[in-house]
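We did not get these values from a lab; they are worked out from the coordinates using the rules stated. Since this is a predicted model, take the numbers as computed values, not measurements. In this analysis, Cβ positions are derived from the backbone assuming ideal geometry, glycine residues included, and neighbour counts consider all displayed protein chains.
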Amino acid sequence: MADQSLVFSFFLIFTGAAIVASLALYTRQPLLVAYIVLGAVLGPYGMMMVTDTQLLSEISHIGIIFLLFLLGLDMQPSHLLHMLKKATLVAIFSSLIFFALGYSVGYAFGYTQTENMIIGIAVMFSSTIIGIKLLPTTVLHHRHTGELVVGLLLLQDVIAIMVLLFLYSGSGESSTSDTMAQFSKTIAALPLIIIGAFVFVKYVLLKLIQKFDRFHEYIFLLAIGWCLGLAEIANLAGLSAEIGAFVAGVSIATSPIAQYIATSLKPLRDFFLILFFFSIGASFNLGLVGQIAVPAIILALLVLAVKPAAFRYLLSSISESPKLGWEVGFRLGQISEFSLLIAYIAAGASMIGEEASHVIQATAILTFLLSSYVVIFNFPSPIAVSDKLRRD
């Protein structure tokens with residue numbers, strides 16, 4: 001994409017986003033919905049005014065990295081560790097339930113055995129970006145609900161990374177021995193990265209911040225460099241960039257500077273997240289809607305019904321209240337951006353057909369939209385349409 005066309009694409013996206021966001025606020029609709037719809041309208045399967053969705057998707061991924069970094073800044077390490085221990089069994093059993101749900105729907109509509117398994121895997125995970133975007137950063141992150149949501153999402157991310165390694169192996173990119181070596185590398189890398197991050201922050205990063213804290217531009221630059229640097233290290237080690245960014249945030253969460261950094265980076269995060277939701281809408285092939293509408297709608301409705309109920313039951317089994325269980329369940333009541341990646345990888349490796357891939361994509365978009373409505377109209381969130389529920 002030439003520089004001029006990239007600038008023109010940004011003009012269309014952000015001018016269009018400003019217009020549809022205004023309409024959404026007047027009609028009391030979630031902004032996330034407006035961005036996805038705008039992508040579908042302007043993208044290559046709509047008016048074809050923005051065509052390089054791959055580039056936009058790669059750029060927008062930075063928004064997810066910043067989102068996890070900011071989340072980490074609000075997480076006290078001791079609380080997070082306690083919550084991860086508590087939520088492990090819930091994450092494992094819920095993933096098995098959701099896999100069975102996706103597999104059953106695929107089987108009912110006559111997809112192949114491999115396609116059924118991929119659909120089941122795609123349904124296992126909830127959206128990190130939706131779940132965290134709709135959490136009030138100054139309220140729930142310091143309370144039990146927010147910690148529980150984050151703990152479950154992080155555990156799901158770890159499971160998703162393992163699944164992606166298997167998919168890369170199945171696509172012929174690596175042998176079984178290479179895949180096992182990658183697993184060993186990943187398992188060893190996580191604790192090393194965590195320890196290294198805390199040591200670096202204590203003996204280098206915080207000393208630099210204390211010495212030059214008068215220069216706000218330098219603090220801003222140092223925070224971005226630390227976030228993206230650890231994200232890239234985690235990515236090279238076989239983990240996700242999101243996990244690296246989260247560790248980067250947690251490693252400085254106990255410092256007084258953490259809240260200043262969080263406030264400074266929020267506008268940058270929102271810039272990239274607009275691109276993320278636009279690219280989701282723009283990447284969807286509207287021409288296949290007729291073929292995949294029925295299975296996608298049925299699967300989306302089942303996800304929206306089963307996920308909250310499953311989380312409510314499983315969380316009750318570890319002594320959480322039913323009210324909290326329902327809230328966590330509805331906040332995690334969608335499938336994930338990892339599901340989109342799984343669909344792209346599996347289709348590219350000819351493990352599933354285009355129709356099955358678009359069933360996953362359509363289910364993701366539908367559950368993103370519908371679960372956003374449920375949360376925004378019923379629970380505290382930064383973009384709630386009700387003043388009573390709006391919490392930043």
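Quick check: residue separation of residue 254 and residue 10 times 0.36 nm, minus the Cα distance between them. What number comes out in nm? Walk me through the intermediate numbers first.
Working: separation 244, 0.36 × 244 = 87.84 nm, distance 3.70 nm.
Full extension of this stretch gives 84.1 nm more.
Sparse packing (at most 11 other Cβ atoms within 10 Å of the Cβ) combined with a DSSP loop state is found for the following trypsin sites (Lys or Arg not before Pro) in region 1-107: 28.
Quick one: longest stretch of the chain between exposed loop chymotrypsin sites (Phe, Trp or Tyr not before Pro), exposed meaning at most 14 other C-beta atoms within 10 Å and loop per DSSP?
Values: sites that count: 212, 215.
Maximal segment without exposed cleavage sites: 1-211.
If you place +1 on the Cβ of every Lys and Arg and -1 on the Cβ of every Asp and Glu, how big does the dipole about the Cα centre of the chain come out, in debye to the nearest 20? Before the final figure, lay out the partial values.
Numbers: 19 positive and 21 negative charges, 254 e Å.
Dipole about the Cα centre, nearest 20: 1220 debye.
Across 195, 365, 376, mean-square fluctuation computed from a Gaussian network of the chain (C-alpha pairs under 10 Å connected) peaks at 195.
With contacts defined as alpha carbon pairs under 8 Å and 6 or more residues apart, what's the relative contact order of the chain in percent? Mind showing how you got there, number by number?
Details: 590 pairs, mean separation 115.8, N = 392.
Worked out over the chain, it gives 30 percent.
In the chain, which whole DSSP H runs stretch at least 18 Å along their own axis (Cα) and average -0.5 or higher on the Kyte-Doolittle scale? Helix filter hits for the chain: 3-26, 53-73, 77-108, 144-170, 176-200, 216-236, 258-282, 289-316, 354-378. How about region 195-226: which trypsin sites (Lys or Arg not before Pro) there lie in a loop by DSSP and see at most 15 other Cβ atoms within 10 Å? Taking region 195-226 and a limit of 15 other Cβ atoms within 10 Å, the loop trypsin sites (Lys or Arg not before Pro) found are 214.
How long is the gain from residue 373 to residue 232 if the chain were fully straight, where each residue apart is worth 0.36 nm and the alpha carbon distance is subtracted? Don't jump to the answer; show the numbers that get you there.
Values: separation 141, 0.36 × 141 = 50.76 nm, distance 3.38 nm.
Value of the extension gain: 47.4 nm.
Give a quick list of trypsin sites (Lys or Arg not before Pro) in region 306-392 that DSSP marks as loop, anything other than H, G, I, E or B, with at most 14 other Cβ atoms within 10 Å. Working shown, then result.
Working: sites: 312, 323, 331, 388, 390, 391; in loops: 388, 391.
Filter output for region 306-392: 388.
Each label was represented as a point 7 Å from its Cα along the Cα-to-Cβ direction; for residue 389 and residue 52 these points are 3.9 nm apart. Its relative contact order, with pairs defined as Cα atoms under 8 Å and 6+ residues apart, puts region 324-380 at 46 percent. Between 22, 57, 336, the GNM of the chain built on Cα springs shorter than 10 angstrom shows 22 fluctuating the most.
Among the listed pairs 133/185; 133/388; 86/307; 266/323, a Cα-Cα separation exceeding 28 Å is found for 133/185; 266/323.
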